[in-house]
Amino acid sequence: MPLVDEQFPGELPEIERARWQTMTVSQRIKAANRIRAFVGWQAGEMSLKDALTLADLSKSRFYRLAADWREAPGLDAIGAFAGTAGGIKSSRLDPNVVNALQAVVAEVVKFNQGASVSQLVRLMVQRAGVSEDRLPSELRLRKFVEDEQRRVSATGMAGHGIKFDCTAIDIPQADRRPYVMFACIDTGTRAVLGVAVRETALAVEGYAMAAADALDRISNELNDLPWTDRVARIEITAGIDLDPSADLVRSIGEQIGALVQLASSPKRFGRYLRDSVGDGLGRIRFTPARTLNGEAAPNTKDMTPWSFENAQGAVKEMAGAYNAAILSTLTNAAAKSVPGELIMALKHVANR
């Protein structure tokens, strides 16, 4: 339901009060609704669907403005309001100009690190070859550069890219088959957010346990990771339960709106883990080729079976030690909280 209280929102900085007084009643209600939507969604207390409805925004614009609000709460982050003092006049950009600028901004930012935003804007315009009379405002040009800087920064932070993977490990069961480890991996920091062990590669069950472990670790040992504003991409390795794996991917996408993809090739197992973590977690080695068939291959050649509890305990212990090493190399200068949609996704996978 839309808010009907037009009073000055407590989430806005006090400096915005004078500007708030210049807004019409309808503008205040719209602003208050968007603030409520951004705050509720980022805290994981409101679904994306409800937040989009309340904010009255498209999905792409909602993501951009929500990131702006998280970084610098204020009326400018909510979006332009026609007739508001200090507001930005809305104008339709030439799509050809936009395409030309977007085609070069990534390269300009990448190869001119340390340059000011003004310098990057000038270089971007030069590379794009757009005539001056067709350019958008200076503020919009700066937005192109700042959005790209934010994107580059986010890819090295926690929560931007998440991958779920599973692989056989070198711990034998009673039937000599290896246990299968499930993991939730953060690609930006290479931290293992959550792990679990199962007897078979049933993805829905295994990832539910790994997601539950991730929720526990994020609220404790991993709370100080340098979190980004929002999740941009989630990738999931399919288990032997291919249809339920695909259903899981589809339902996560519907829940949080991020790009969610399924890896289901024959050689899919362990690929994400090896890319981010390496060949193992401490003394536990990954043996992806044995995920579907074959006996365990312990380093010691000792085929004495492990109990499920001992296997699970060893994997969790090694994940904790690995994460401690990762954390020792990171700094949390931004001090941001965990993205709300990551918590929502993990709770969805964990059936919480």
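The values are calculated or read from the model by the stated rules, or taken from the named source; none is laboratory data. Everything quoted here is computed from the prediction, not taken from an experiment. Methodologically, a virtual Cβ is constructed for each residue, glycine included, from the backbone with ideal geometry; neighbour enumeration extends over all protein chains shown. Side chains are part of the model used for accessible areas, which takes the heavy atoms of the whole protein and leaves out ligands, DNA and RNA. Shrake-Rupley method; radii C 1.70, N 1.55, O 1.52, S 1.80 Å.
Side notes on the structure shown:
- Nearby lysines by direct alpha-carbon distance to LYS110 (threshold 22 angstrom, same-chain neighbours under 8 apart not counted): LYS143
- Counting protein heavy atoms only, segment 139-182 has 51 percent of its accessible area on carbon and sulfur, 1.4 angstrom probe.
- With both labels modelled 7 Å from their Cα along Cα-to-Cβ, the LEU292 to LEU139 distance reads 5.7 nm.
- Share of carbon and sulfur in the accessible heavy-atom surface of segment 248-320 [1.4 Å probe, %]: 47
- Antiparallel bridges, percent of DSSP beta bridges restricted to segment 146-244 (to nearest 5): 75
- Selected from VAL104, VAL204, VAL315 as most flexible by GNM, with the chain as the system and alpha-carbon contacts under 10 Å: VAL104
- For LYS347, the lysines whose Cα comes closer than 18 Å to its Cα, not counting residues fewer than 8 places off in the same chain, are LYS49, LYS163.
- Modelled FRET efficiency - R0 22 Å, THR22 with ASP56, Cβ distances, 0.05 increments: 0.55
- For segment 201-352, the solvent-accessible area of protein heavy atoms averages 47 Å² per residue (probe radius 1.4 Å; ligands and nucleic acids excluded).
- For segment 210-260, the list of GluC sites (Glu not before Pro) that fall in a loop by DSSP and count at most 15 other C-beta atoms within 10 angstrom reads GLU221.
- Calculated FRET efficiency for the pair SER131/ALA324, C-beta based, R₀ 45 Å, to 0.05: 0.25
- Cα shape, segment 197-337, gyration tensor, a/c 1.5 rule: oblate
- Taking every protein chain into account, the 1.4 Å probe leaves VAL121 with about 10 Å² of accessible area, to the nearest ten.
- Here GLN7 and LYS301 are evaluated by their C-beta separation; at R0 = 56 Å the FRET efficiency comes out at 0.20.
- The alpha carbon centroids of segment 170-206 and segment 1-65 are separated by 41 Å.
- Stretching the chain fully between ARG352 and ASP243 yields a gain of 37.1 nm (0.36 nm per residue, less the alpha carbon separation).
- Ranked packing of 222-229, 135-142, 156-163, most packed first, by mean Cβ within 10 Å: 156-163, 222-229, 135-142
- If you model the chain as an ellipsoid using its alpha carbon gyration tensor, with each semi-axis the square root of five times an eigenvalue, the axes come out at 44, 23, 17 Å, biggest first.
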